[in-house]
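A quick write-up on the structure given underneath.
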Amino acid sequence: MNTLFDKIWDAHLVTKVENGPTQLYIDRLYCHEVTSPQAFSGLKARGLKPLRPEKIFCMPDHNTPTHDQDKEIEDEISRTQVNTLAQNAKEFGLSHFGMLHPKNGIIHVVGPENGLTLPGMTIVCGDSHTSTHGALGCVAFGIGTSEVEMVLASQCILQSKPKTMRIKVDGRLDKGVTAKDVALYIIAKMTTGGATGYFVEYAGDVVRSMSMEGRLTLCNLSIEMGARGGMIAPDEITFDYLKGREYAPKENEWDTAMEFWKTLKSDEDAVFDKEIVFNGNDIQPMITYGTNPGMGMGITEKIPTLESISEAGRISFSKSLEYMGYQPGEQLIGKKIDYVFLGSCTNGRIEDFRAFASLVKGKKKDPSVIAWIVPGSWYVNNQLKEEGIDKILIEAGFAIRQPGCSACLAMNDDKVPAGKYAVSTSNRNFEGRQGPGARTLLASPLVAAAAALTGKITDPRTCM
Amino acid sequence: MKNEKFTILTSTCVPLPLENVDTDQIIPARFLKATTKDGFGDNLFRDWRYDKQGNEISSFVLNDPTYSGQILVAGKNFGSGSSREHAAWAIAGYGFRVVISSFFADIFKNNALNNFVLPIVVSEPFLACLFSCISKNPETKVEVNLADQTVNNTAVGVSEHFEINPYKKHCLMNGLDDIDFLLSNKDKIESWETEHQQYKA
């Protein structure tokens, strides 16, 4: 009567501290340039080396420019950070996919698409969106730099076991409603701290019928309601996705792996600490109006009134709307926007570009809108070309940039200026996230496409 | 900020009565480019603390000389969002040893503990009362006793018990970190690997 989470967690228990955390074995450590340098320095200061270098994969993604990657990075501090990762990987014999490497891209896009992320694994990375990988049926969660150092040193982490939660989404989704909308809907209902302390398993017909890309988007956003991670039991969709991927098991090993992977599901009588059920039919295209991902609503709905907010939360709510330049109780449809960002570890995969292209095909971008179209990896970039999506986008007035995290957190030059509005397919609308003073509206690739065509917040169902 | 033993701390507080303070506010992404742990305290709450020209915003609490101390008191769900440990480095670097709130995000809580900053979860009424006491008298002192796991608002003499994992408490009180412990189990790591070939990848 175990949950899938319990099964994977318990199988990775090396030992347990009495009245304390679990020493958990980690199958895969991903490292990017921002949260690893101090961990490598710490390791060196202790005179240690990575215990299992073959289980560690490194790539720069946060600082990478989205143009002229063949040239040196202009920003000296960014360049140092990216070079430091390359040096550390070289010194310790770790796999490293540097800029322009065919496998480079956003770490949470690259892992799954290369078959580095596999069902049943434990996976960590110094990045909260590591929850993404749970879509393939593994236990994946974000960690801090001290914890990265722990894993480098021992291939283990000390961690308290979170509680379990199952979120079922029954029914089916209407036209124009995507995995991103499902995630933003769930977060709006749960609030940004509503799943803190829990590891979430997503289930239900809506989740089962999602593509792998959709599931990656859904699990990616688990952290935005505070969850330690999100996961989906592997099924035929998962196996079809993995088959033939470069690092996925081959031939006999594939059959052995499949036998094991098919056991990876919660038992019928598994007991979760919390169970929540939503209905997919209730979900419409979503958009956020405030400064955390929980401040989202159906695109045709109105921002809550001040009176509807709890007393302790009113200062934060008012501060948030003041930052956004919106009034309580108003609708967002028809409001002017300035920027559109398609990309990130949330929505930088091929399906997201297909959705965006389906709406803009044969039309033109509104000339007032600046659009950043950033594939999640070189692999996705090649898929765009193979499917002719690049041509559709270019004809509609969009330019495709080079892969990386880009405007999601604006560590490179892709910054939204102060006061400007960006409809963004990324994951966080925090103050200043896309540049100091930038105003972010989180939405799906379809909502982003509709905004790019009209220069305004637009219900994508009216453009289909 | 590393390996400073924590026992008892009595200090005035800096109040930040906002909810859902995310780690992007604690330390904005553009300051994450360093390759050391130093200097993050200077940019703690950067965009709330300084304007675009780099001048102090006088209304922000860190710029208000009325308030000082080694304890930050914040609204519900402190430290949500990004896993950046730089947020904990910034808080420690600025000189805070304790953060009090009614609710913390998980990753932030771990990061804080790994940097010998103690996150203390108190009840909503305790937090509301503490904010009110600090607002009436900025000299209000709070006493934190880690051994007893108590936090005392000395202005009103109200004390609360707080939870902390016994292992982490031991680490904090003795200035120990996790890596020595993990590596002391190397034989167990190796035997786990031998017994679990299905995860070999």
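Here are a few things to note about the model shown:
- Global form of region B:8-199, assessed from the alpha-carbon gyration tensor, a/c cut-off 1.5: oblate
- Here the label points at A:HIS101 and A:ASP255, each 7 Å from Cα along the C-beta direction, are separated by 3.4 nm in the simple model.
- Sequence-distant aspartates and glutamates (8 or more away, or on other chains) whose Cα lies within less than 16 Å of A:LYS90: A:GLU33, A:GLU54
- 3J(HN,Hα) along region A:292-300: 8, x, x, 8, x, 7, x, 4, 8 Hz, from the Karplus curve 6.51 cos²θ - 1.76 cosθ + 1.60 with θ = phi - 60°, whole Hz, x for Gly and Pro.
- Peptide A:137-144 has a mean shielding of 4, counted as Cβ atoms of other protein chains within 10 Å of each residue's Cβ.
- When each of A:LYS163/B:LYS76; A:LYS16/A:LYS163; A:LYS415/B:LYS109; A:LYS103/A:LYS456 is checked by Cα-Cα distance, pairs over 25 Å: A:LYS415/B:LYS109; A:LYS103/A:LYS456
- Applying both filters, DSSP loop and at most 14 other Cβ atoms within 10 Å, to the trypsin sites (Lys or Arg not before Pro) of region A:260-348 gives A:LYS262.
- Sorting A:370-383, A:234-247 by their mean Cβ neighbour count within 10 Å, with the most densely packed peptide first, gives A:370-383, A:234-247.
- Close amide-amide hydrogen proximity is noted between A:TYR247 and A:GLY115, A:LEU116, each under 5 Å apart and 5 or more residues distant or on a separate chain (H modeled in the peptide plane; Pro and chain starts excluded).
- Top of B:GLY69, B:GLY93, B:GLY54 by mean-square fluctuation, Gaussian network on chain B, Cα under 10 Å: B:GLY54
- Taking a straight Cα-Cα cut-off under 17 Å and skipping sequence neighbours fewer than 8 places away in the same chain, the lysines within cross-link reach of A:LYS391 are A:LYS361, A:LYS363, A:LYS364, A:LYS365.
- Net length available on complete extension from A:SER318 to A:THR80 is 81.7 nm, with 0.36 nm assigned per residue and the Cα-Cα distance removed.
- Pairs beyond 19 Å (Cα-Cα), from A:LYS49/B:LYS33; A:LYS7/A:LYS274; A:LYS7/A:LYS265; A:LYS161/B:LYS168: A:LYS49/B:LYS33
- Packing around the peptides B:97-110, A:84-97, A:117-130, taken as the average count of other Cβ atoms within 10 Å per residue, puts them in this order, highest first: A:117-130, B:97-110, A:84-97.
- For the protein assembly as shown, adding -39500 (n - 2.57) for each run of n ≥ 4 DSSP H residues and dividing by the number of residues yields -9000 deg cm²/dmol at 222 nm.
- Region A:349-393 and region B:28-92 have Cα centres separated by 38 Å.
- Between A:LYS16 and A:ASP70, the simple label model (points 7 Å from Cα in the Cβ direction) yields a spacing of 5.7 nm.
- With a simple spin-label model that places each label point 7 Å from the Cα along the Cα-to-Cβ direction, the separation between A:ALA418 and B:SER135 comes to 2.9 nm.
The numbers here are math on the coordinates, done by the rules we state, and not lab data. Computed from a predicted structure; not experimentally measured. Because the Cβ atoms are built from the backbone with ideal geometry, glycine has one as well, and the counts that use them run over all protein chains shown.
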